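Heads up: the structure comes next, in structure tokens.
The values are calculated or read from the model by the stated rules, or taken from the named source; none is laboratory data. Keep in mind the model is a prediction, meaning the values are calculated, not measured. Because the Cβ atoms are built from the backbone with ideal geometry, glycine has one as well, and the counts that use them run over all protein chains shown. Side chains included, ligands, DNA and RNA excluded: accessible areas come from the protein's heavy atoms. Shrake-Rupley method; radii C 1.70, N 1.55, O 1.52, S 1.80 Å.
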Amino acid sequence: MQGLLLKLSTLDADAESAVRVIAYFDSLLRDHVSVPTLLAATARLAQCPVGLLDAATGRRTRTSPRGAVDTPAEAPAQVRELSDGLGAVWMEREGPAHGLDEIVLERYAVAAEVTLERAAALARSGQDPALVELVLSAETDEAERARALRLLGFAPSAPLQALAIALPDRGLAAGLRAMGHQVRATRIGDTEAVLVATTLPRDLPEGSRVGIGPELPGARAAESWAGARTALRFTGPHDRVMRWSELGALALFADLPEPAVAGLADVRAMERLGEESLAAVRALCLAGSVRGAAATVHLHHSSMAARIARAESVLGFSLADAAGRLRAHLALALVRLRANLRSGTPA
């Protein structure tokens, strides 16, 4: 800190900005941010790409101000070495250096040292959120993923399932641990990412909206995570748990842009239904018959038939046969998908 104060005395007009830089990194350290978060925050502050070499893994990571992440083959010639052989950091500014670049780089290096040391300590206990991110990232190579899995206590060949839980999470990960499941979790954006080593029960603790990826070897955890995120996009107030394995052809619709989904006539018609009619259509699609649907929602079958008739008048097609119910089932799923696209549920 004494060295930094000496530097501040030479900055004159920029001294106040330099103090803010120091406070910015101090705040990141107080929040115990992960390595990826530190890189993203530094890139946003510096408004240029920044990089980090983690000597423990040999991995180089570069992040742009907009959050794009890549793994450069090698670091640039000019890097700031970290103490204790932890690695190195750098900034990649095009054109002349900014007046605060030296202070930003110095504070970035200090923060990187602390963050890497914390990550190493957490890794030794098998609880490092950054390791979970590494396992789930499609950009992680096979050797890195295998190492991260072992540090988390998983064998790379053992089956795993990834879960994507919409935040706020109502304690699903903790509930699974209480049920005896081996669980590792972290937050990725607006989603709780969970790795589970044992086969999940059909009935999960209620409350959270969750997408469940396919059960795959740990080495393919990124595929399970992608499936879990897709499944999450089809959850809703009445369909809080969705499994990738049960989506079937619905998964093909997951990447449609929101305007395309909103433009479908069946979706627009389904969104015009009142909650009572929606509940009747949903029950009919699940039960397959008016009498079965009436029993599900504890209505007389004549009352259910009247609600279905009102819904048909808005939808513009019959629900009396399997084809009509399939059409309604698809429209209901797309209504959930559109709602999640509009609310920003992660893709």
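For A158 and E94 in the same chain, what is the full-extension length gain: residue separation times 0.36 nm, less their Cα-Cα distance, in nm?
So the extension gain works out to 18.5 nm.
Computed from backbone phi, the HN-Hα couplings of region 230-238 come to 5, 4, 4, 5, 9, 7, x, x, 9 Hz, rounded to whole numbers (Karplus: 6.51 cos²θ - 1.76 cosθ + 1.60, θ = phi - 60°; Gly and Pro given as x). Taken per residue, the accessible surface of the chain reaches 50 Å², heavy atoms only and a 1.4 Å probe. Helical runs assigned H by DSSP (4 residues or longer) give the chain a calculated mean residue ellipticity at 222 nm of -15000 deg cm²/dmol, each run adding -39500 (n - 2.57) before division by the residue total. Take every DSSP beta bridge whose two residues both sit in the chain; close to 90 percent of them are antiparallel. Whole-Hz Karplus values for region 81-98 come out as 5, 8, 6, 6, x, 6, x, 7, 10, 7, 10, 10, 8, 7, x, x, 5, 7 Hz, taken residue by residue from phi with 6.51 cos²θ - 1.76 cosθ + 1.60 and θ = phi - 60°; glycine and proline positions read x. Could you look at region 279-347 and say what percent of its accessible area is carbon and sulfur, using a 1.4 Å probe and all protein chains? Taking all protein chains in place, region 279-347 shows 58 percent carbon and sulfur surface.
Where in region 90-109 is the amide nitrogen less than 17 Å from a point lying 7 Å along the Cα-to-Cβ axis of A77? 90-97, by backbone N distance to the label point.
Label reach from R272 (point 7 Å along Cα→C-beta): in region 305-347, amide nitrogens under 14 Å belong to 310-317. Extending 7 Å from Cα along the Cβ direction at S289 and again at M179 yields two label points whose distance is 3.2 nm. If R0 is 41 Å, the Cβ-Cβ spacing of A260 and A68 corresponds to a FRET efficiency of close to 0.95. Using a cutoff of 8 angstrom between alpha carbon atoms and counting only pairs six or more residues apart, the relative contact order for the chain works out to 11 percent. When only Cα pairs below 8 angstrom with a gap of at least 6 residues are kept, region 236-347 shows a relative contact order of 31 percent. Largest to smallest in accessible area, the residues V35, V261 fall in the order V35, V261 (1.4 Å probe, all protein chains included). For GluC sites (Glu not before Pro), the sites in region 49-135 that DSSP calls loop and that have at most 12 other Cβ atoms within 10 Å are E74, E94. Put a dot 7 Å past the Cα of A323, heading toward its Cβ, do the same for D101, and the two dots end up 6.8 nm apart. Put simply, the amide H of R209, placed in the peptide plane, has neighbours under 5 Å in A166, leaving out anything fewer than 5 places away on its chain.
In this structure the amide hydrogen of L82, modeled in the peptide plane, comes within under 5 Å of the amide hydrogens of G87, A88, V89, none closer than 5 places in sequence on its chain.
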